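Here the structure is laid out as structure tokens; the discussion comes afterwards.
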Amino acid sequence: MEYFAGLDVSIEETAICVVGDDGKVVLETEVPTDPQQIADALERYAGRLRRVGHEAGSISPWLHAGMLALGLPAVCLETRHVRAALSAQRNKTDAADALGIAHIMRTGWFREAHIKTEDCYRIRLLLVQRRNLKRKFLDIENAIRHSLKVFGIRLGKVGRGSMEKAVREAVAGDAMTAGLMDCMLRARAALWEEYLILHKLVTQLAMRDELCRRFMAIPGVGPVTSLSFKSAIDDPARFRRSRNVAAYFGLTSRRWQSGSSIDVKGRISKAGDPDVRCALYEAASAMLTRFKGRDTIKSWGLKLAKTKCHAKARVAVARKLAIVMHAMWRDGTFYVGDPDRDAHEIDSVNASKLRRLSYARS
């Protein structure tokens, strides 16, 4: 007889359920969330254990790699599929979820989630912490602007470099307010200094990576977009067609079809990684508005903006960029934005762009 195990993983404990190929439960237990503890609990079934399923979560990369290293046939499941399969349960408990996952493993009705490499998770961590520092910096800056409006002080269009001087001059006559603003400005300066360190590291990583340099040859695509895209995909062979990448990042329309009378296409699904989707959207916006040269995708997007709107055109261009970048990665090709330009001109423009980027970030 073959056996199938389901794990309902939490931070402290993991509920384990093992069923046979006839559907009968042979083991129900809870152990601390640790690969070795889980392997010890399943040791008696090791020779006939077919699959060990667990839901994708925050500790899945560590747990999955640990179980594979111990010889367990671990399978990481997509969260949406597991939720849909377990939605028919009357009561939701850890034991019931583990039983449901075990039956999903037995029936084979599941989709396996991709576990990325450690390097991708490290890059992802860098990008997330860079984003967090920038958001906190902007929160403090906006809080300073908003709090001064009570006294009728409106800073208006003040640049980032001159804001500190403008704030100190505006509150110089009020000792208490000046002291409070001094604390806020020091915190703002500290956050900005740490943010620049992480941003410089992002730029250096992108400049050292050959694939990211090829991505940055696309107008509008910078270090953040290239690293975000690379770390989110990890392996281009995961996708059979490049256009599937756009759906993976939630850049395709939702569809609701039933029978012959109902067929509704809605807005984009916004599934997948929101940071990558945001980076692609910003790259598309830069291509359409800031890039002044000739480009096939840009021309297509501007024509679309005339018939639809600029927001929809940016989403469409972002979707196109995801497809093009995946195809470049899969085929090892380079980006040619304007087919009328010769190869020497393209190489010189790309080299000039990379030099400017390197100088600006140094």
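So, in segment 237-273, how many residues would count as being part of a loop (DSSP other than H, G, I, E, B) and either at pLDDT 90 or above or surrounded by 17 or more Cβ atoms within 10 Å (Cβ to Cβ) (or both)? Of the residues in segment 237-273, 11 are part of a loop (DSSP other than H, G, I, E, B) and either at pLDDT 90 or above or surrounded by 17 or more Cβ atoms within 10 Å (Cβ to Cβ) (or both).
Within segment 96-114, take every residue that is surrounded by fewer than 20 Cβ atoms within 10 Å (Cβ to Cβ) and not small (Gly, Ala, Ser) and give me the one that is farthest from Arg83 (Cα to Cα). It comes out as His114. Taking residues in segment 132-152 that are farther than 20 Å from Ala178 by Cα, and partners anywhere that are among the β-branched types (Val, Ile, Thr) and assigned to a helix (DSSP H, G or I), not one pair has Cβ atoms closer than 8 Å while being at least 6 places apart or on different chains. The residue that is nearest to Leu68 (Cα to Cα), among those in segment 87-144 that are of a type in the set (D, E, K, R) and more than 28 Å from the chain's Cα centre (by Cα), is Arg106. Among the residues of segment 154-207, those that are out of contact with any Leu (no Cβ under 8 Å at 6 or more places or on another chain) and either not in a helix (DSSP H, G or I) or not assigned by TED's automatic domain parsing to the domain that holds Arg124 (or both) comprise Gly156, Lys157, Val158, Gly159, Arg160, Gly161, Ser162, Ala172, Gly173, Asp174. Tallying residues that are in contact with a Phe, Trp or Tyr (Cβ under 9 Å, 6 or more places away or on another chain) and more than 20 Å from Leu138 (Cα to Cα) within segment 150-169 yields 0. Whether any residue in segment 223-236 is farther than 16 Å from Arg124 by Cα, assigned by TED's automatic domain parsing to the domain that holds Arg330 and not β-branched (Val, Ile, Thr) is what I want to check. Scanning segment 223-236, I find at least one residue that is farther than 16 Å from Arg124 by Cα, assigned by TED's automatic domain parsing to the domain that holds Arg330 and not β-branched (Val, Ile, Thr), so the answer is yes.
Quick grid of which residues meet (1) closer than 23 Å to Leu211 by Cβ; (2) touching a residue at least 12 places away in the same chain (Cβ under 8 Å):
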position: Asp235; (1), (2): yes, yes
position: Arg243; (1), (2): yes, yes
position: Gly272; (1), (2): yes, yes
position: Phe291; (1), (2): yes, yes
position: Lys303; (1), (2): no, no
position: His310; (1), (2): no, yes
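Return yes or no: is Val75 at pLDDT below 95 and surrounded by 20 or more Cβ atoms within 10 Å (Cβ to Cβ)? Answer is no for this residue.
Looking only at segment 45-88, which residues are closer than 17 Å to Gly272 by Cβ, assigned to a helix (DSSP H, G or I) and of a type in the set (D, E, K, R)? Result: Arg80, Arg83.
The values are calculated or read from the model by the stated rules, or taken from the named source; none is laboratory data. Because the structure is predicted, anything quoted here is derived from the model rather than measured. Methodologically, a virtual Cβ is constructed for each residue, glycine included, from the backbone with ideal geometry; neighbour enumeration extends over all protein chains shown.
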